[in-house]
């Protein structure tokens, strides 16, 4: 397993943009991601300070009442924007202004509304020499929606952002700093947070969902009538994790916040253990999400098995191709149903209160109020690694009502996981692990972390 990034050591209690150069120097990896490309070096401290100052102060501004939301790349106008830049119609497009625009807070506020941060980066470079050198906006880089759709597992192939320093902001005073699409750190409320790996791929949260993933694999193999070793297909193993990731991202996209509470499969809405901890206003028992995902996994197995049979044939008949087309259509229909189910669950979070589901994706209800009494502890441990073996204690009082409710639930229900989503799209995971209540505030999810 890759080494986990740690909370930056020695950083001051409150951090400002001009403090970030030394911190980034410890966290930054300049190794080229693509073969033959130059190293991705951090700019000098004066340039980085100026760049981040403008980003930080622009995030505080509004345009006709709207917050200034953006993604910016510090990338030379002559640098490649994609490893496929030699193609006749490259997937990433750079649009260049005839005359550069000064990189200032006011200009950034004006141009940000036309640059949808899901797909468009504002391109900035440091140009000139000596006293005339300055940062300037020279154009826009359109990476398309492929990366955003990949993050939500709506497609399996696409292309990435340019390999350069990328800074984004979704709320006042907050900066997400990444190298291309790989997050490095986040500045929020004057504090630095470094991302851990996905909590759904390792650590205590992943361990909670692992038994459910095994159930899905067994059921899919049974429906498909295929006896397959799950370890032969990582996609099959990750199908359950992918659904949960999509659910979290769809909920975050709604920008109204919410809470998702996951409990063991054996629980129902009238289980005394659940009733003593939550009051569910709208009971809505449904196994539709679970059934949709199992069907999609089975359809994938059947399609793959048919493809393998065709590979072994010397000649193909018309009916063989028709079978493949029918199986492909069936797989697509099932995958569409899975996405629809994830979006439906996300929509339930619009009602005040938590959405309650089982680890096998059976809906129990929504609009749930946590009524559990305060646990023995009033402290949550903020995890610095995906395993949670490094953490720092923070009192409940530093968080809002929604967070404290999720903490009380997770602390009182040993075998459970809570996800808390803020209105700005931030996602936190919570689980009781032994004597500690652990919370992961910033973790990788899908393919993009900067805007999640």
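Among (1) modelled with pLDDT under 90; (2) surrounded by fewer than 22 Cβ atoms within 10 Å (Cβ to Cβ), which single condition is residue 264 missing?
Only one criterion in (1) modelled with pLDDT under 90; (2) surrounded by fewer than 22 Cβ atoms within 10 Å (Cβ to Cβ) is unmet by residue 264, namely (1).
For residue 150, indicate whether it is loosely packed, with under 15 Cβ neighbours inside 10 Å, at pLDDT below 90 and either closer than 25 Å to residue 445 by Cα or within 21 Å of the chain's Cα centre (by Cα) (or both).
Taking the combined requirement at face value, the residue does not satisfy it.
Over 23 Å from residue 416 (Cβ atoms), surrounded by fewer than 20 Cβ atoms within 10 Å (Cβ to Cβ) and either in contact (Cβ under 8 Å) with a residue 40 or more places away in the chain or touching a helix residue (DSSP H, G or I) at 6+ places or on another chain (Cβ under 8 Å) (or both): does that describe residue 223?
Spelling it out, residue 223 is indeed over 23 Å from residue 416 (Cβ atoms), surrounded by fewer than 20 Cβ atoms within 10 Å (Cβ to Cβ) and either in contact (Cβ under 8 Å) with a residue 40 or more places away in the chain or touching a helix residue (DSSP H, G or I) at 6+ places or on another chain (Cβ under 8 Å) (or both).
Taking the stated definitions as given, is residue 236 surrounded by 13 or more Cβ atoms within 10 Å (Cβ to Cβ), assigned by TED's automatic domain parsing to the domain that holds residue 338 and at pLDDT 90 or above?
Considered against the rule, which asks whether it is surrounded by 13 or more Cβ atoms within 10 Å (Cβ to Cβ), assigned by TED's automatic domain parsing to the domain that holds residue 338 and at pLDDT 90 or above, residue 236 comes out as no.
From the list 90, 102, which one is without any contact (Cβ under 8 Å) to a residue 40 or more places away in the chain and farther than 25 Å from residue 147 by Cα?
102 is the lone residue from the list that is without any contact (Cβ under 8 Å) to a residue 40 or more places away in the chain and farther than 25 Å from residue 147 by Cα.
Has segment 146-166 got any residue that is under 27 Å from residue 39 (Cβ atoms), in a strand (DSSP E or B) and either outside the structural domain of residue 428 (by TED's automatic domain parsing) or in contact with a strand residue (DSSP E or B) (Cβ under 8 Å, 6 or more places away or on another chain) (or both)?
Yes, some residue in segment 146-166 is under 27 Å from residue 39 (Cβ atoms), in a strand (DSSP E or B) and either outside the structural domain of residue 428 (by TED's automatic domain parsing) or in contact with a strand residue (DSSP E or B) (Cβ under 8 Å, 6 or more places away or on another chain) (or both).
Any residue in segment 35-50 that's without any contact (Cβ under 8 Å) to a residue 24 or more places away in the chain: show its pairings with residues that are assigned to a loop (DSSP other than H, G, I, E, B) at Cβ separation under 6 Å, as long as the two are six or more apart or on different chains.
Every condition considered, the pairs that remain are 39/30; 39/32; 41/30.
Spot the failing condition for residue 213; the list is (1) in the same structural domain as residue 391 (by TED's automatic domain parsing); (2) in contact (Cβ under 8 Å) with a residue 60 or more places away in the chain, and only one is missed.
Unmet condition: (2).
Could you please find all residues in segment 57-111 being touching a helix residue (DSSP H, G or I) at 6+ places or on another chain (Cβ under 7 Å), surrounded by 15 or more Cβ atoms within 10 Å (Cβ to Cβ) and not in a loop (DSSP other than H, G, I, E, B)?
The answer is 57, 58, 70, 72, 74, 101, 105, 108, 109.
The values are calculated or read from the model by the stated rules, or taken from the named source; none is laboratory data. Keep in mind that what you see is a predicted model, and the values were worked out from it rather than measured. All Cβ positions, even for glycine, are placed from backbone atoms using ideal geometry, and neighbour counts span all protein chains on display.
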